[in-house]
Structures are given as structure tokens and as C-alpha cells.
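Worksheet: one structure, shown below.
The values are calculated or read from the model by the stated rules, or taken from the named source; none is laboratory data. Bear in mind that the values here come from a model prediction, so they are computed numbers and not experimental data. With ideal geometry, Cβ positions are generated from the backbone for all residues, glycine too; neighbour counts draw on all protein chains shown.
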Amino acid sequence: MAETDQQQDVKDAVRTAVKSGTDVHQQVKAITLKALTERQLDIENIKSVTEEVSKGINEGMATQGEHAREVFKQAATALDDALAIATEASKLAIEEAASRVNEYSEHELNDAIKDLRDMEGSFLDSLEKIAKGGNQVVADIASDFIAHAGQSGTAVGKQTLIALEALKDVPLISKKMIVSGTVSAASTLAKIGSGILLGIAESLQATHSRK
């Protein structure tokens with residue numbers, strides 16, 4: 001499937017989930033995780049999925065009435081939670097890569113760690129676009145959510161802090177690494193993250209199904 005088709009499918013699925021007003025959090029979280037696992041877990045793909053999910057939320061909100069604020073909160077929190085899980089998967093991928101000293105350079109690992117720092121910003125940027133581009137009601141709701149997130153923090157932001165703390169010694173470890181010069185190393189790192197994320201997502205889905 002072409003990338004543009006994938007993006008359209010993600011946006012459409014999220015829009016439908018939000019419009020339904022039913023089990024919005026679980027639906028949007030599952031859609032987001034599925035989209036992330038179908039691509040390499042690198043920052044560009046994460047930003048792309050985040051943007052399409054946000055567009056779907058914005059479009060789905062157009063038909064919401066008195067429950068609009070709660071529906072938006074469920075949808076935005078679902079995206080936040082999914083990105084927090086992606087952050088955890090990325091951290092585990094970096095830890096695995098750091099242990100494979102002959103395949104990854106310090107530069108590649110440091111780039112991956114830098115990408116982690118961008119995760120919360122990508123989430124908040126996507127909500128800012130809703131606040132600026134939605135109708136007035138949706139814009140106000142999005143602005144309030146962003147303001148609250150700024151005070152209380154986000155799930156992805158908190159997970160990023162945990163990940164960075166766990167990875168603080170990785171640059172020291174990786175100084176001993178041999179620079180492989182393999183252009184596919186960063187891609188392989190993203191694939192490791194995708195595999196880890198898929199495992200986490202399937203575990204969460206199985207847990208939800210048993211409820």
C-alpha cells in the first residue's frame with residue numbers, strides 16, 4: 001500500500017472512531033499503535049502518524065455536541081498514550097543496539113536518543129495545529145488540553161524522561177563501539193523498535209480482549 005493511502009486510512013479510521021463517540025480512547029490508541037507498527041519506528045514516521053491521527057481527531061470532532069470536550073480528551077489522551085508506548089519501544093531498541101557493539105556507532109545511537117527528546121514536541125505540535133485550524137469550539141478545547149498538559153505533563157513526556165534517565169550511560173558505552181559505516185544501521189535500529197512495539201501492542205490488545 002502506498003504511503004499516501006496508509007496516511008488516508010489512518011486519518012479516516014480515527015475520524016470514524018471520534019465521530020462514533022464510543023470507546024474513543026481504546027479505538028484511537030489501537031489505530032495509532034497499528035499505524036506505528038506498520039512502519040519503521042523512526043521519528044519521521046512517528047511524526048507522520050501523529051499528524052494523521054490529529055487530522056482525524058479534528059475532522060471527527062466536527063460533529064460532536066455536548067460531549068465534545070470529553071471525546072477530544074479521550075482521543076488526545078489515546079494518542080499521548082500510544083506515543084508513550086512507542087517511546088518505551090524506542091528506548092528498548094536503543095538498549096539492544098548499544099549491546100551490539102560491532103553494528104552501531106555512537107553517532108547513530110545519539111541520533112536515536114535525540115529523536116526520543118522530540119516525541120513530546122511532535123505530540124503537542126499536532127494539537128497546536130488543531131487549536132489553530134479547527135472550528136472555534138474545537139480550537140478552544142484543544143487549547144485548554146494543551147494548557148493542562150503544560151501544567152500536569154503528558155504521558156509521552158513522562159515516558160521520555162524515564163527513557164532518557166535509563167539511557168544516560170549509553171553514550172559512554174558506545175564510545176567503545178567500532179563505527180561500522182553501514183548506511184542501513186539506523187534503519188535496522190528503527191526495525192528493532194518496530195518489532196518491540198509490535199510485541200507490546202499485541203500484548204496490550206490481548207489484555208484488552210480478555211476484559
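What the table shows:
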read-out: Among the candidates E44, E52, residue that is in contact (Cβ under 8 Å) with a residue 24 or more places away in the chain and assigned to a helix (DSSP H, G or I); value: E52
read-out: Members of the range 1-37 found to be acidic (D, E) and part of a loop (DSSP other than H, G, I, E, B), listed by number; value: D23
read-out: Qualifying position, being assigned to a helix (DSSP H, G or I), buried (at least 24 other Cβ atoms within 10 Å of the Cβ) and modelled with pLDDT under 85, among A78, A98, A86, A112; value: A112
read-out: Failed criterion for D23 (all others in (1) among the acidic types (D, E); (2) without any contact (Cβ under 8 Å) to a residue 60 or more places away in the chain; (3) surrounded by fewer than 20 Cβ atoms within 10 Å (Cβ to Cβ); (4) under 23 Å from L116 (Cβ atoms) hold); value: (4)
read-out: Considering residues of the range 143-162 that are in a helix (DSSP H, G or I) and closer than 15 Å to A78 by Cβ only, the residue farthest from the chain's Cα centre (by Cα); value: F145
read-out: Pairs with Cβ under 8 Å, 6+ apart, first in the range 76-97 and in contact (Cβ under 8 Å) with a residue 60 or more places away in the chain, second of a type in the set (D, E, K, R) and buried (at least 24 other Cβ atoms within 10 Å of the Cβ); value: D81/K29
read-out: Residue in the range 48-71 that is among the acidic types (D, E) and under 15 Å from L124 (Cα atoms) present; value: yes
read-out: Among residues of the range 22-37, those that are under 16 Å from Q8 (Cβ atoms) and not basic (K, R), counted; value: 3
read-out: Residue that is modelled with the lowest pLDDT, among those in the range 129-142 that are in a helix (DSSP H, G or I) and exposed (fewer than 14 other Cβ atoms within 10 Å of the Cβ); value: G133
read-out: Given (1) touching a Lys or Arg at 6+ places or on another chain (Cβ under 9 Å); (2) farther than 19 Å from D140 by Cα; (3) crowded, with 22+ Cβ neighbours inside 10 Å, number of the condition G60 does not satisfy; value: (2)
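Each row is one residue, and each column tells you yes or no for (1) modelled with pLDDT of 60 or more; (2) buried (at least 16 other Cβ atoms within 10 Å of the Cβ); (3) not in a helix (DSSP H, G or I).
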residue: L164; (1), (2), (3): yes, no, no
residue: L172; (1), (2), (3): no, no, no
residue: A190; (1), (2), (3): yes, yes, no
residue: S203; (1), (2), (3): yes, no, no
residue: S209; (1), (2), (3): no, no, no
